[in-house]
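Enquirer: Pasting a structure below so you can have a look.
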Amino acid sequence: MNKFLGNRAAVAVFILPALLLYSVIVFWPLLQTLYRSLFQWDGLNPGTFLFLDNYKELFQDELFRTSVYNGLIFAVIIAVFQIGVGTLLAFGVADAYVKGRKWLRISFFIPVVLSVTVVCQLWMAVYNGEYGLLNRLFQAFGMSYRQDWLSDPDKAIYAIAMVNAWHFMGYHFALLFAAVKSIPEHFLEAARIDGASKWKAHWLITVPLLRETYRFCLVLAVTGGLSAFAQMFIMTGGGPGTSTYTLTYLMYRSAFRINEFGYGSASAVVLVIECLIVTLLINRLVARDRIVY
Amino acid sequence: MIRKTGAILLIALLAFTAAACGGSGSTNGSNASPSAGSASPSGSESSAAASPSASASAEKVKLRIYAQYADEDTKLPYDYAVAELKKEMPNVELELDIQAQDDGQKLKTYAATGNLPDIYQAGLDIINTFKQSGNIQQLDEYADKFGFKDAMQPSAMNTLVTDDGHIYAFPYAGNEMILLYYNKELFEKFGVKVPTTFDEWKTAVETFKKNGIIPLSMFAKEKWPDVALYDVFASRLDPAGITKLDKGQAKASDPAYKTAAEKLAELVKAGLLAKGATNMNYDQAAALFYEGKAAMFLNGQWEIEASTKALGDKVAWMFYPGMDAAGYESSKLVFSGGGGPGGYAVNPKSEHVELAAQVAAFMSRKYAEFKYTERGTPIVATKVDKPIVKQYPPMMQELAKVIPDMKSTAFAWGLSNPKFKAAIEDASQSLLAGTSAEQFVKEVDKAIGQ
């Protein structure tokens, strides 16, 4: 192994293609975004250098606050739902007493395979205020709680977050399920012999051993939530008004609707920084030690 | 360190994936009929080859054109114009690049990378941006030379000349307007008077609401109709409507504009719109009106044909209700909507600038001609001397009577200040979703102040 790593040419040959690709399609645009965020620029003509004025304006923009707030709501909802429900389902499907496990495993994963557009269209029909399934359900149960889900400025963001939460829950379920399966059987067996109930054994043994997977899932869910875009773009167009804006949507609006690419870049940079901080925090706080069986 | 770098990479990737999704999402709808696009130029190619007038001296020239080609209303006139061009200038071959509905992103990318087509369709936003970057040809000289200026309808000169007094595109669309359509049968059935004042409008809304009829159907997910509805109110109180706000000559907190927002908010509160209206697209909203579930419908005059087809003589349009009886009469002929500079523009870096200008001018006139004679609309930019083939529907005949004396404001897409445009679009949609008039005023004023 040492000898292999010592062969620098070989290392370079294996790493360079991926590194090059990454530099060209990720790092370079990222640096460009950072640079452009210091300009007032319409995307075509030479820009005017503003230094940090875009950022100053951004931090005073009410829309920016709405966007960050919505991103946080989104991230929290999908993290809690996807990881929480994913864990419960993973425990269930991993249990040898549950019937039809293979079938369940597949069906939990199916939504992940669907395209965002399909899922959004489906949920738009479910949420429809006039004839939507959800309101019909409430009606069927004799409840008067009928809502105009996507057209209510206060509720729309929650409704949209739930769509994403439902859509990608299966992904987290699959990750967690694989992790649960990789925990050596004898840990749980020992607990059972000591008289621990199923829930207690899971709570005290499985959950702590899943820490590393949780960390990964958290990073995915939270960064995915902060940079959410497709769902609001398709389902509400950021509306009603500006009530379902996120930072990515703000970027889109600034660059493509208002022609302020500099301002849009600034919000993109803030988004990257925000995600970076959250990721570092998660890495700092969750599962700091490597688990070795 | 590796872990940190890994995290950064991951995040960057996520952020960019999200951005990429957005881009593709916006172009999806527009390319609904890409296969049909290539059919017309290649089809006409063969006819040119067969044409005896194609003399050997006239060198064959291929021009790229970036134009709208999405539905019947854009395909048929374009095809007609291409066919006419074949007769007039057989040596010119057009290569069509279908316009994407992406707020001009594709065109701007073409410009940035030096790939701009010889002729392209430009609106005010593109004209303003390209003027600065030298990507649009000033056409003053050609407009005279090819007789385009003389062919213009006097009332539509605003679509030819921009604010700086120059010509950058050859327009074909005239000044279009927003109409308030209504279902006569429903109004009669529930004994509702066609409203002439805001108060009567409110009474009408309440009556329909009580009887389970949606008072006004709107596709408010698209934001321009939302702005148009606000403009309907605003233009009752100030004939310039939203254009004054656009140019910074008035503020939303001025009495007229504030009252307009308040009156609209009042109607929304009374139940003007359907549940989930701000999430409805055109098909959903139009279906409500066509099926008799909604009493009124708001759309441009281009809706006349579809509505007549669906509802026959049950449908009509009304003059917008006014503040009071006197206001109704005085502002009757002010319509929300309008036109602005736009049409076929020419790339100054084209190898054949003059020829491209000639073709652009020709195409615009033929496009307008087809719309006038075959598509039932008298609202075009240029004069047409050919007889009308397809009779105008009754609603259009009514409209044609008032067109000469009509004044108009602007559509949301014709606004010149992009920041104000985005703000009033968002704020109007919020207003229709039930937020207060104060909030509307605040948000719009913020954008005007800048």
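Enquirer: Are there any trypsin sites (Lys or Arg not before Pro) in segment A:189-293 that are in a DSSP loop and have at most 15 other Cβ atoms within 10 Å? List them by number.
Expert: Here the trypsin sites (Lys or Arg not before Pro) that fit, given the DSSP loop and packing criteria, are A:R288, A:R290.
Enquirer: What Kirkwood hydrodynamic radius, in Å, does segment B:353-415 give when the mean of 1/r is taken over all pairs of distinct Cα atoms and then inverted?
Expert: 13.6 Å
Enquirer: Indicate the gyration tensor shape class of segment A:62-285 (rounded, prolate or oblate), computed on the Cα atoms with a ≥ b ≥ c the square roots of the eigenvalues: a/c under 1.5 is rounded; otherwise a/b larger than b/c is prolate and the rest oblate.
Expert: Verdict is oblate for segment A:62-285.
Enquirer: Could I ask something else about it? Restricting the count to DSSP beta bridges whose residues both fall in the protein assembly as shown, what percent are antiparallel, rounded to a multiple of 5?
Expert: Roughly 60 percent of the DSSP beta bridges within the protein assembly as shown come out antiparallel.
Enquirer: Arranged from highest to lowest average of other beta-carbon atoms within 10 Å per residue, in what order do the peptides A:53-66, B:233-246, B:281-294 appear?
Expert: B:233-246, B:281-294, A:53-66
Enquirer: Take peptide B:426-439, look around each residue's Cβ out to 10 angstrom, count Cβ atoms belonging to other protein chains, and average those counts.
Expert: 4
Enquirer: Taking springs between alpha-carbon atoms closer than 10 angstrom, which of B:P378, B:P394, B:P117 fluctuates most in the Gaussian network model of chain B?
Expert: For chain B, modelled as a Gaussian network with Cα springs under 10 Å, the answer is B:P394.
Enquirer: Among DSSP beta bridges lying fully in chain B, give the percent that are antiparallel, nearest 5.
Expert: Counting only bridges with both partners in chain B, antiparallel ones make up about 55 percent.
Enquirer: Hey, another quick one. Indicate the helices, whole DSSP H runs only, in chain B that combine a mean Kyte-Doolittle hydropathy of 0.0 or more with a Cα extent along their long axis of 30 angstrom or more.
Expert: Qualifying helices: B:2-28.
Enquirer: Can you give me the Cα centroid spacing of segment B:380-450 and segment B:111-141 in angstrom?
Expert: 25 Å
Enquirer: Could you give the length gained by full extension between A:K200 and A:K99, i.e. 0.36 nm per residue of separation minus their alpha carbon distance, to one decimal place?
Expert: Stretched out fully, the A:K200 to A:K99 stretch lengthens by 34.2 nm.
Enquirer: Can you give the average number of partner chain beta-carbon atoms within 10 Å of each beta-carbon in peptide A:244-256, as a whole number?
Expert: 3
Enquirer: Follow-up. From the helices alone, meaning DSSP H stretches of at least four residues, give me the mean residue ellipticity at 222 nm for chain A, per-run term -39500 (n - 2.57), in deg cm²/dmol to the nearest 500.
Expert: Result for chain A: -21000 deg cm²/dmol, rounded to the nearest 500.
Enquirer: If packing is taken as the average count of other Cβ atoms within 10 Å, what order do B:122-133, B:155-166 fall into, highest mean first?
Expert: B:122-133, B:155-166
Enquirer: At 7 Å along the Cα-to-beta-carbon direction for both B:E398 and A:Y69, put a label point, then send me their distance in nm to one decimal.
Expert: Taking the two extended label points, one gets 4.5 nm.
Enquirer: Using r as the Cβ-Cβ distance of A:Y145 and B:V353, and R0 as 45 Å, what FRET efficiency do you calculate, to the nearest 0.05?
Expert: 0.10
Enquirer: Of A:V24, A:V11, A:V126, which has the largest mean-square fluctuation in a 10 Å C-alpha GNM of chain A?
Expert: A:V11
Enquirer: Another question, if that's okay. Counting each DSSP H run of 4 or more residues in chain B as -39500 (n - 2.57), what helix-only mean residue ellipticity at 222 nm follows after dividing by all residues, to the nearest 500 deg cm²/dmol?
Expert: -15000 deg cm²/dmol, from helical runs alone.
Enquirer: Take the residue pairs B:K108/B:K145; B:K60/B:K383; B:K149/B:K366; B:K251/B:K419; A:K56/B:K108; B:K263/B:K442 and return only those whose Cα atoms are more than 22 Å apart.
Expert: B:K108/B:K145; B:K60/B:K383; A:K56/B:K108
Enquirer: Could you work out, residue by residue across A:228-238, how many beta carbons of other chains sit within 10 Å of that residue's beta carbon, and then give the average as an integer?
Expert: Per residue, the average neighbour count from other chains is 4.
Enquirer: Using r as the Cβ-Cβ distance of B:E72 and A:I25, and R0 as 45 Å, what FRET efficiency do you calculate, to the nearest 0.05?
Expert: 0.65
Enquirer: At a Förster radius of 25 Å, what calculated FRET efficiency corresponds to the Cβ-Cβ distance of B:A83 and B:A287, to the nearest 0.05?
Expert: Here the calculated transfer efficiency is 0.10.
Read the figures in this text as sums done on the coordinates, not as results from a lab. None of the values given here were measured: they were computed from a predicted structure. When we count neighbours, we look across all protein chains shown, and the Cβ atoms used for this are built from the backbone with ideal geometry, even at glycine.
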